[in-house]
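The values are calculated or read from the model by the stated rules, or taken from the named source; none is laboratory data. None of the values given here were measured: they were computed from a predicted structure. Note that each Cβ is placed from the backbone with ideal geometry, even for glycine, and that neighbours are counted across all protein chains shown. To get the accessible areas, we keep the full protein, side chains included, count just its heavy atoms, and leave off ligands, DNA and RNA. Shrake-Rupley method; radii C 1.70, N 1.55, O 1.52, S 1.80 Å.
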Amino acid sequence: FALYVPASMDSDPEAAWNHAESLYKGVIRTLAANPDKAALALDPVQAYENQKNDRFSVFIGLENGSPVGRSIGKLAELYDMGVRYMTLCHSGNNEICDSCAPSVKRWGGLSPFGKEVVKEMNRVGMLIDLSHAAESTFYDVLECSTQPVVCSHSSCRALCDHPRNLTDGQLKAIAAKGGVVQVTMYSGFLCKEGEATLADFIRHLEHAIAVAGIDHVGIGTDFDGDGTVIGCADASQLKNVTKELLRRGYSECDIEKIWGGNWLRVMTRVQEVNGN
């Protein structure tokens, strides 16, 4: 579940923190009210245990690092709360880095403070999410981070020229770092005109696999951020993705990797290296 903080709060870290904390409390209340259906997962081991007990696992992410402000200690606090990945920015430049959205950049990539954020996220074992980041930020992080990184919901710029999408060079770079890119179902990132279809999404997914490799690609629907395509409009239709992958000859092993296995592998590595 993403604790989404809008870019309008980038200049007010205290308000951004309060907003994120309110969303976090809502997630915890929901889990407490549905203990037979879902449970928090702090690592992949817990996720698989929840699965054995027939419960959905909820991983918590912070979408937009603005609540951190310029307080590096907030990262450990977030980790202790259960946040296991953080998108460094959203649609605005913040204290950590430049976003892909504004035409005028603030830092030219990571800020000096942002480099400390990357190091601290490596230390505590929190996944660094580069969706929404400027291309300059992307490469600064890859140079600075000692751990693999992820893009939780990004598609392919070679197929749809949008700044939120990743170039083939970025796809190759994140794979070389050992990370994972999760292709999103947001229509505007899949095609330039009209409403995207499941076929458009599969086209992006297969392009990412061809460029980055099967071990470095996943699915990040962004259903809670207007993500939807014709043929896969919500979670009840996700089986259509699996059916199409089977029709195209993907093995069960490959489909397992795409449907979260790659993400969990990266999470395990980031957490184990740091003793978490």
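Only residues that are part of a helix (DSSP H, G or I) and touching a residue at least 24 places away in the same chain (Cβ under 8 Å): list them for region 68-81, please.
The answer is VAL68, LYS74, LEU75, ALA76, LEU78, TYR79, MET81.
From (1) within 24 Å of ASP224 (Cβ to Cβ); (2) without any contact (Cβ under 8 Å) to a residue 40 or more places away in the chain; (3) open to solvent by 10 Å² or more (accessible area, probe 1.4 Å); (4) in contact with a Gly (Cβ under 6 Å, 6 or more places away or on another chain), pick out the condition that doesn't hold for SER136.
(1)
If I go through region 244-264 residue by residue, how many of them are farther than 25 Å from ARG84 by Cα, in a helix (DSSP H, G or I) and either of a type in the set (Asp, Glu) or open to solvent by less than 60 Å² (accessible area, probe 1.4 Å) (or both)?
3
With the structure loaded, tell me whether ARG157 is within 22 Å of ASP98 (Cα to Cα), open to solvent by less than 40 Å² (accessible area, probe 1.4 Å), modelled with pLDDT of 95 or more and of a type in the set (D, E, K, R) or whether it fails that test. Reasoning before the result, please.
Working: within 22 Å of ASP98 (Cα to Cα): yes; open to solvent by less than 40 Å² (accessible area, probe 1.4 Å): no; modelled with pLDDT of 95 or more: yes; of a type in the set (D, E, K, R): yes.
Criteria not met by ARG157.
Looking at region 22-66, which of its residues are open to solvent by less than 70 Å² (accessible area, probe 1.4 Å) and of a type in the set (D, E, K, R)?
ASP43, GLU63
Which condition from (1) open to solvent by less than 10 Å² (accessible area, probe 1.4 Å); (2) touching a residue at least 24 places away in the same chain (Cβ under 8 Å) is the one that SER111 breaks?
All conditions are met except number (2).
Given the criteria surrounded by fewer than 23 Cβ atoms within 10 Å (Cβ to Cβ), aliphatic (A, V, I, L, M), modelled with pLDDT of 95 or more and in a helix (DSSP H, G or I), does ILE174 qualify?
On the way: surrounded by fewer than 23 Cβ atoms within 10 Å (Cβ to Cβ): no; aliphatic (A, V, I, L, M): yes; modelled with pLDDT of 95 or more: yes; in a helix (DSSP H, G or I): yes.
The answer is no for ILE174.
Scan region 16-67 residue by residue and report those that are polar (S, T, N, Q), closer than 27 Å to ARG265 by Cβ and not in a helix (DSSP H, G or I).
Filtering region 16-67 down to residues polar (S, T, N, Q) leaves 18, 22, 30, 34, 46, 50-51, 53, 57, 64, 66.
Okay, now just the ones that are also closer than 27 Å to ARG265 by Cβ, so 46, 50-51, 53, 57, 64.
Within region 16-67, ASN53, SER57, ASN64 qualify.
Among the residues of region 85-100, which ones are among the charged types (D, E, K, R) and open to solvent by less than 20 Å² (accessible area, probe 1.4 Å)?
Taking region 85-100 as the starting set, the residues that turn out to be among the charged types (D, E, K, R) are 95, 98.
If the condition is that a residue be among the charged types (D, E, K, R) and open to solvent by less than 20 Å² (accessible area, probe 1.4 Å), then ASP98 is the only one that fits.
Suppose the filter is closer than 29 Å to GLU193 by Cβ, hydrophobic (A, V, I, L, M, F, W, C) and either free of Cβ contacts under 8 Å to residues at least 60 places away in the same chain or crowded, with 24+ Cβ neighbours inside 10 Å (or both); does LEU130 pass it?
On the way: closer than 29 Å to GLU193 by Cβ: yes; hydrophobic (A, V, I, L, M, F, W, C): yes; either free of Cβ contacts under 8 Å to residues at least 60 places away in the same chain or crowded, with 24+ Cβ neighbours inside 10 Å (or both): yes.
Against the criterion (closer than 29 Å to GLU193 by Cβ, hydrophobic (A, V, I, L, M, F, W, C) and either free of Cβ contacts under 8 Å to residues at least 60 places away in the same chain or crowded, with 24+ Cβ neighbours inside 10 Å (or both)), LEU130 qualifies.
Hey, could you check region 185-223 for residues that are more than 24 Å from GLU252 (Cα to Cα), modelled with pLDDT of 95 or more and part of a helix (DSSP H, G or I) and say which is least open to solvent (accessible area, probe 1.4 Å)?
In this case the residue turns out to be LEU190.
When you check ALA176 against the structure, is it touching a helix residue (DSSP H, G or I) at 6+ places or on another chain (Cβ under 8 Å) and among the aliphatic types (A, V, I, L, M), yes or no? Before the answer, list the steps.
Working: touching a helix residue (DSSP H, G or I) at 6+ places or on another chain (Cβ under 8 Å): no; among the aliphatic types (A, V, I, L, M): yes.
In short, no.
If we scan region 170-191, do we find a residue that is more than 18 Å from the chain's Cα centre (by Cα) and touching a residue at least 24 places away in the same chain (Cβ under 8 Å)?
There is at least one residue in region 170-191 that is more than 18 Å from the chain's Cα centre (by Cα) and touching a residue at least 24 places away in the same chain (Cβ under 8 Å).
With the structure loaded, tell me whether VAL241 is outside any loop (DSSP other than H, G, I, E, B), open to solvent by 30 Å² or more (accessible area, probe 1.4 Å) and of a type in the set (Val, Ile, Thr) or whether it fails that test. Quick ask: steps written out before the conclusion?
Values: outside any loop (DSSP other than H, G, I, E, B): yes; open to solvent by 30 Å² or more (accessible area, probe 1.4 Å): no; of a type in the set (Val, Ile, Thr): yes.
No; evaluated as a whole, the condition is false for this residue.
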